[in-house]
Structure formats: C-alpha cells, structure tokens
Amino acid sequence: MNSFGNKFKVTIFGESHGPLTGIVIDGVKPGMKLRALDFAKDLRRRRDGDIASLAKCTSARKEKDIPQIVSGLYKGYTTGAPLTIVFANEDTRSEDYAEFRTLPRPSHADFAADRKYEGFNDIRGGGMFSGRMTLPLVAAGTVARKMLAQALPAIRISARIKSIGGSSETRLWSSIIETAAANQDSVGGCIECTASGIPVGVGEPFFDSLESQIAHLAFSVPGVKAISFGDGASCGAMYGSDFNDHLVDTDGQTDTNHNGGINGGITNGNPIVFQVQIRPTASISQPQATINLSNGQPAEISIRGRHDTCIALRCPVIIESVAAIALADLL
C-alpha cells in the first residue's frame, strides 16, 4: 500500500494540496549526522531539474520544500527510532481542480481513484497521485544514500536525462519542449541511472531480486510507464552471442554490460544500469474529450493550472532516490 521495504522501510503520507506531505523511515542507523541542509541539493534538483536553462519549463508552483525532521533525530544525530520528515504545502491553488470531480482528466488517476475511493479521494492537485508526492521520496533517498555511503564508501548513484521527445541531442531539447508548450502540449523523456561500487551478491531471488525491487519503487513514481535494465529494451531482438557479457576477471568484471550489472536478480560486480521511460505530462491545455460523470454524456475539457511541459526534467534525482532506497533495503 503506502509502505515499502523491510530493513529500510519507508511509509509515505499526505496529499498534494493537504497541509503537508511526509515520510516515515524505519531502519535508519543510529549515530548518523543529519541536518536539514543535507537535503538541499537533492530537493533543489527535484524542484528545478538538472538543466538550468530548462528550469523555466517546470511547474510554476514554487514551494519552499524545507524539511522538518520531527522524530528520530536528537542533537543532530539519528537515534535509530523511525525518522519522520514532513514538508509544508503552501503554494496551492485548489480551485484549479474543482471541475475534475465530474470531468476526469484523460490519462490521470481522477476516474480510477473516484471509483476506487467512492468519491472521497482528495482531487486537489491530484491528491496522493500527484508528482508532489515524490518530494518525501527524494528525502528518503537522501537518507538512504548517506547510509549507503557509510557502508560502501565507493558507491556512486547517478541519473541523467537520456532523451526528451525521443531525441538524445541535448541541443534540441529546449526547442522540443518549447514547441510542445506553444502547442499547449507536453512531451516525455527517458532517464538513465547508473549505480557503481556495489559488491557482488546484492539481491534476494525470487521475489526480492534487485531488478524487481527497483522496478517496484520506480513504478510508484507518477509518470513512470516502463523500465529496462542494461539493454533489456532491445534484447528481444538480439542473439545470445551478442547479448552475453563475457567474464574478464575473478571480480566479475565483464567486457560488456548488456545485463545492466544484474544476473539472476543478483548484482554481478558491474555497474547497475537501468532506464526509465517518463510519460508526457497528462495535464495539457489542448481541448480533450472526456465524460461528464454527473450525466454520462461526452464532454470537452481544457486543463488550467500550473503543470510541467516535460516532467522528465525533474526526474533524475527521483530515480536516483529509487535506486538508493532499494539498495539500502537489500544491503
């Protein structure tokens, strides 16, 4: 439901336009120095993206995103008790969402959530289905990375935008996004994440394989529609002689990394590499067809409000957090 993990367990709570959002993290090692400043870089990357020139293409909603650590910390050090971090929601415009109760947005969770929760779900800002909920997830990722760095000093987790609108040419991204915005449209992208410095043997088959754990978390991120490891997206068209990674030393290093650093659900000593496909933002201003739930008749909707033209811009740090949380739970 709203919790993930065993050894490093996270429980997320709140809604996009509620008073706050937050996360409870159980399994945090005691004695780890932790300050609000430790979260600043990751939270900024989530808010503005990694490409300064494209920050203007992200949502006009600007929150302070100041983490308040309300339990599990004493005199600047983690206590070993559940760590609870909350964020205030202040820059909200809930009136922009009132009509979506009867006019569900195409490809949003509006309709499905209305049926599942019998109309009691919080529709404002998408409620619990909003990208706002990635904020506490990133905070948990920051904590996970600090723990991982203590256990594995050589570990490095880094994600980047691999493509936008199907193009890997960075010089074209601004034009692609601006054209989509001018057309009252949105555009998707692909994020690639690499995690290195991880020993052989991380992962617990069958159902706690590293691939399944990362994928589980990745699909909790609003907008993620596909994930593949190594060359998994194209392996169905390859021959074994091309896809197989040949061992070159007794540490497990291979001459290629088509498997993305994982065999049998277990790390093999090579960098973990995976790609995540981010869908185009569902909220676009173009007129779209929907159904009026009050009378069952076809209707048209043009979505107002503040929405990203390309949510992939803000996703690298979120995907890094996914990888860090999964690894912290398995190590």
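Readers should treat all values here as calculations from the given coordinates under stated rules, not as data from a laboratory. Predicted model, so just to flag it, every value in this text is computed and none were measured. Cβ placement follows ideal geometry from the backbone for every residue including glycine, while neighbour counts extend to all protein chains displayed.
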*How do 132-140, 78-86 rank on mean C-beta neighbours within 10 Å, highest first?*
132-140, 78-86
*On full extension of the chain, what length is gained from T250 through L172, given 0.36 nm per residue of separation minus the C-alpha to C-alpha distance?*
23.8 nm
*Could you state the number of Å between the C-alpha centres of the range 181-221 and the range 6-38?*
20 Å
*asked:* So for the range 3-330, averaging the separation of alpha carbon pairs under 8 Å that are six or more residues apart and normalising by length, what relative contact order in percent results?
replied: 24 percent
_If I take R0 = 25 Å and measure r between the Cβ atoms of E90 and S302 in this structure, what FRET efficiency does the formula 1/(1 + (r/R0)^6) give, to the nearest 0.05?_
0.40
*Order of 19-26, 203-210, 324-331 by packing, highest average Cβ count within 10 Å first?*
324-331, 19-26, 203-210
*If we restrict to alpha carbons, what Rg and Dmax does the range 3-330 come to, in Å?*
20.7, 68
*So how do H246, H17 line up by other beta-carbon neighbours within 10 Å, fewest first?*
H246, H17
*What does the charge add up to near A324, with Lys and Arg as +1, Asp and Glu as -1, over the other residues with Cβ less than 12 Å from its Cβ?*
0
